[in-house]
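Engineer: The following block contains the structure, expressed as structure tokens.
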Amino acid sequence: MAIEKQDTAKEVIAIVIEKLNIEKSGAINQSTLQDLGADSLDMVEIIMKLEEQFGIEINDDEAEQLTSVQEVINYVHNLRIK
């Protein structure tokens, strides 16, 4: 079964909302994690939850480059379809 990017996006957004304790907005994937209030500890928690949820391993150096929700979605989706 093919992994749909839309499904990855929904799950990533749900994790970001949960970890940052924010309200869902229509354009959350257009936001940067910093704009949503994420600090370095939040980022670690988000990365750990993504790894657990999707059964993937996110490289620390690459994780530091992920600044927007859309970048996280793209990165996670690419790992899932490998």
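The values are calculated or read from the model by the stated rules, or taken from the named source; none is laboratory data. Predicted, not measured: the structure shown is a model, and the values here were computed from it. Every residue, glycine as well, gets a Cβ built from its backbone with ideal geometry; the counts of neighbours run over all protein chains shown.
Engineer: So, in segment 4-35, how many residues would count as being over 14 Å from Glu71 (Cα atoms), aliphatic (A, V, I, L, M) and more than 11 Å from the chain's Cα centre (by Cα)?
Structural biologist: Matching residues across segment 4-35 total 2.
Engineer: Can you find a residue in segment 22-31 that is surrounded by 14 or more Cβ atoms within 10 Å (Cβ to Cβ), closer than 21 Å to Arg80 by Cα, at pLDDT 95 or above and not basic (Lys, Arg)?
Structural biologist: no
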